[in-house]
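Bear in mind that the values in this text are calculations on the coordinates, not laboratory data. No experiment lies behind these values; they were computed from the predicted model shown. Neighbour counts are summed over all protein chains in view; Cβ atoms, including those assigned to glycine, are modelled from backbone coordinates with ideal geometry.
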Amino acid sequence: MPTDTKRVRGPEVSQSPTLFLCKHAAVLPSHGPRADGRQRDQVDVRPVFVRCGLVSQAKGSAYIEAGNTKLMCCVYGPREMERKDETDMKCGKLTTDMRFAPFSCLERGSWIQGSQDKDLSLMLHESLQPAVCLHKYPRSQIEVNVMVLENSGSVLAHAVTCASLALADAGIEMYDLVLGCSIRQNVASYVVDPSYMEENSCSSVSSENQGGLTVAFLPSLNQISGLQSDGEMTEETLTAGVRTCIEGCYKLYPVIQQALTKAVRRAAPPPSES
C-alpha cells in the first residue's frame with residue numbers, strides 16, 4: 001500500500017491535547033478574593049493598556065487590553081453612503097460591526113457573523129450613537145469595526161470604550177467619550193469587570209438575584225447612553241449596579257484621556273524653527 005512520504009507521521013500511540021486542558025469548576029466561590037487577586041464587592045477593575053492610531057489604513061483606530069481581553073477597533077469615514085435611497089439630507093449614519101476572531105475563544109469559531117455578534121453590534125450601535133454628532137455629517141456614513149482578538153470577559157464594555165477611542169482618533173465630532181463597565185451579580189455579592197469564567201459561572205445556591213449588567217457612560221455629561229442586563233435582579237440591585245458601573249467608568253477616564261493626549265501629540269506636526 002503506497003504511503004505519503006511527505007506527511008509528518010505522528011506517534012503510533014497519542015492522546016488528544018484536550019485531555020490535558022485544565023477544566024475550571026462550573027461553580028465559583030462567592031466569597032474571598034477572586035482568581036486573579038482582585039476583591040469582590042469593590043470597584044476593582046483590571047489594569048488597562050490603551051493605544052491609538054495603530055492602523056494606518058483606517059481614519060482612526062484603537063487597541064485596548066484589559067487583562068487577557070484584547071480588542072482592536074477601526075473607524076472609516078465619513079464617506080458617501082452606498083445606497084442613495086437611504087441617504088438622509090440632514091443627518092449622517094453610523095454603522096457598527098463587532099466580530100470575534102476564530103481564535104479569540106476557547107472553542108474555535110467561524111469568520112461568519114453569528115447571532116451573538118449581531119446582538120453585540122446592535123448594543124454597540126445603541127451605546128455610541130447618542131455621543132456622535134451625526135448632524136455634522138449629512139449624507140455620509142461612519143463605519144465602526146471592532147474585532148475581538150481574545151475574549152476573557154467584559155467584551156461589550158471594552159468594545160464600547162475602544163470604539164469611542166477610535167472615533168476620537170478619527171477626528172469625528174462627539175459630545176463626549178463613551179466608557180463601558182460591566183458587573184456580575186451573584187446573589188449577595190458582585191464582581192466588577194468579570195472574567196470569562198466569572199461571566200459563565202453559575203451558583204448552586206439559588207437562581208434569584210443573579211445576572212450581568214453593562215453600562216455605557218458619558219463621563220463629562222454624566223449621562224448613560226446604553227444599558228444591557230441579563231438574568232434576574234431586583235430593582236435595588238440594578239440601581240446599585242448602575243452606580244457601581246458609573247464609578248468604574250470614572251476610574252477608567254484618566255487612562256483614556258492620557259491615551260488620547262499621547263495620540264494627539266504624536267500626530268501633531270513638529271514646531272517650526274523660526
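Among the listed pairs Lys136/Lys251; Lys90/Lys136; Lys59/Lys136; Lys93/Lys251; Lys59/Lys262; Lys93/Lys118, those whose Cα-Cα separation exceeds 20 Å are Lys136/Lys251; Lys93/Lys251. Using only side-chain charges placed at the Cβ, +1 for Lys and Arg and -1 for Asp and Glu, the dipole size of region 182-274 relative to its Cα centre rounds to 620 debye.
Glu236 to Gln116: FRET efficiency via 1/(1 + (r/R0)^6), r the Cβ-Cβ distance, R0 35 Å, to the nearest 0.05? Efficiency for this residue pair is about 0.75. Relative to one another, the C-alpha centroids of region 112-136 and region 45-61 are positioned 18 Å apart. Bridge orientation summary for region 62-179: considering DSSP beta bridges with both residues in this region, about 65 percent are antiparallel.
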